[in-house]
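Novice: Once you've had a glance at the structure underneath, I'll fire off some questions.
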Amino acid sequence: MFNISINKKSLKILITLTISIMFIIVLFTLFLKNKDLNKLNQASKNIVHLNSSLKSKEKDGTFDSSSACKLLNSNKSSLDKSIANLNTLKLNDKNLETLKNQLYDYSKLNFKLYNSSLAILNNENAENFEKLYEDLIKSEKDVLLATDNLSKKGLAISFPKEANIFFSNINRYVNGLYKNNREKDIYDEQKRDFICTMNEILNDFTSLQEDFRPAISKIREDNRDLSILLCDINNKRSSFNDIKNKSYSVSIPVGTDKCYESLEEMLNSFESYINSFERNVKTEFNLSSNKKDNIESLYEDTSNKYLDFLECLDTFKTSIYSYKN
């Protein structure tokens, strides 16, 4: 009976001791696990803190890209150190290694987002915009998805409101900048085409601004047929119609109203002059010789229209020069 009593007492002590040891082991395991998890949470909080510091500034009422670049570069340096520390972080709980690796990858995604933002903010070539913009959107999307994934796995991580606003402002800024640059490129191209066409029209008018009076005087002096002059008028009219058709097809950029108006006035004045010239030549051609004593008076209106045309031509030249400069 005595031995049985001792055995029972020893058994109770043994059971109590075993339970205590197991409890201590569980507590120690939980302690180590929590300590490791705290390390990972601290690393994730460092990333959240860096992203929270991304705050947009304005300069003259617009997004300050220079300030944003400085902030991103500064945060990149800090994030790079966090990535290095995370890479060398030792964990007692091997089950948390996967989570650590995912947090490491997440840190790299944030680093890539910073780089994508800097690349598009510093871009000076419009042809690169689409590729850089795609990289920026993908980088931001990847970070947001990874944030949600890690948060579901118990890490204290989020993509703060400040960062959302910051990258939204970058998005808006670069889009506006690209749009303005594209509009400027289009305008510059239209301007070049417009000036080129105006110069062509001006050159084409070189052969049309010839004064008719010496030619008609020479024909009379040589007693030649005026039909020669009518043929020359038809050739000039044909060239003029080609020029007029060219003027109809030209694209008119903003700010060229006065230049185009002076072109229209010149075209109208030449047409009025050539019509008057042709009409009077035909009249003279049909007059009998005894009625040609005061023939010069017939061309007074044509002469005035020719002077009007030359004046319009000078105005057109001046307007092209003004627009170029």
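Novice: How large are Rg and Dmax for segment 253-325 when calculated on the C-alpha trace, in angstrom?
Specialist: According to the Cα coordinates of segment 253-325, Rg and Dmax are 17.0, 58 Å.
Novice: Still on this structure, I have one more. Per DSSP H run of at least 4 residues, take -39500 (n - 2.57); add these up for the chain, divide by its residues and hand me the 222 nm value, nearest 500 deg cm²/dmol. Mind showing how you got there, number by number?
Specialist: On the way: 9 runs with 255 residues, N = 325.
Computed mean residue ellipticity for the chain: -28000 deg cm²/dmol.
Novice: Given a Förster distance of 51 angstrom, what is the FRET efficiency for residue 244 paired with residue 171, based on the Cβ-Cβ distance and rounded to 0.05?
Specialist: 0.60
Novice: Could you run the Debye sum over the Cα atoms of segment 76-147, one equal point scatterer each and no solvent, and tell me log10 of I(q)/I(0) at q = 0.18 Å⁻¹, two decimals?
Specialist: Cα-only, vacuum Debye calculation for segment 76-147: -0.74.
Novice: Continuing with this model, one more query. Calculate, for residue 215 and residue 251, the FRET efficiency according to 1/(1 + (r/R0)^6) with r their C-beta to C-beta distance and R0 51 Å; round to the nearest 0.05.
Specialist: Computed FRET efficiency for residue 215 and residue 251: 0.85.
Novice: Just order 256-268, 223-235 by mean Cβ neighbour count inside 10 Å, highest at the front, would you?
Specialist: 256-268, 223-235
Novice: I'd like the distance between the alpha-carbon centres of segment 98-117 and segment 294-319, rounded to an integer number of Å.
Specialist: A separation of 77 Å, based on Cα centres.
Novice: Now for a different question. Provide the FRET efficiency to the nearest 0.05 for the residue 153-residue 88 pair, computing r from the beta carbons and using R0 = 22 Å.
Specialist: 0.50
Novice: Here's a follow-up. What label, among [x] 5, 24, 33, 27, 11, 1, 0; [y] 5, 17, 14, 10, 9, 8, 9, 8, 7, 5, 3, 2, 2, 1, 1, 0, 0, 0; [z] 5, 22, 23, 17, 13, 9, 6, 4, 1, 0, belongs to P(r) over Cα pairs in 10 Å bins from 0, in percent computed from the structure on display?
Specialist: Only one option fits the structure, namely [y].
Novice: Past 22 Å, Cα to Cα, is the threshold; run 76/138; 57/184; 131/152; 218/244; 59/131; 45/81 against it and keep the listed order.
Specialist: Values: 76/138 18 Å; 57/184 26 Å; 131/152 32 Å; 218/244 30 Å; 59/131 27 Å; 45/81 14 Å.
In this structure, 57/184; 131/152; 218/244; 59/131 exceed 22 Å between Cα atoms.
Novice: Also, I was wondering about something else. Quickly rank 146-159, 44-57 as a protection proxy: mean count of other C-beta atoms within 10 Å, highest first.
Specialist: So the peptides 146-159, 44-57, ranked by packing, come out 44-57, 146-159.
Novice: Any idea what log10 I(q)/I(0) is at q = 0.17, 0.29, 0.31 Å⁻¹ for segment 209-249, Debye with uniform C-alpha scatterers and no solvent?
Specialist: -0.54, -0.97, -1.03
Novice: Two-decimal Rg/Rh of segment 211-314 from alpha-carbon positions, Kirkwood Rh?
Specialist: 1.07
Novice: Quick check: from the Cα gyration tensor, does segment 168-257 come out rounded (a/c under 1.5), prolate or oblate?
Specialist: Note, shape of segment 168-257 comes out prolate.
Novice: Pairs of alpha-carbon atoms within less than 8 angstrom and 6+ residues apart define the contacts here; what relative contact order does segment 85-232 have, in percent?
Specialist: Taking the mean separation of contacting Cα pairs over the length of segment 85-232, I get 17 percent.
The numbers here are math on the coordinates, done by the rules we state, and not lab data. None of the values given here were measured: they were computed from a predicted structure. Cβ atoms come from the backbone with ideal geometry, glycine included; neighbour counts cover every protein chain shown.
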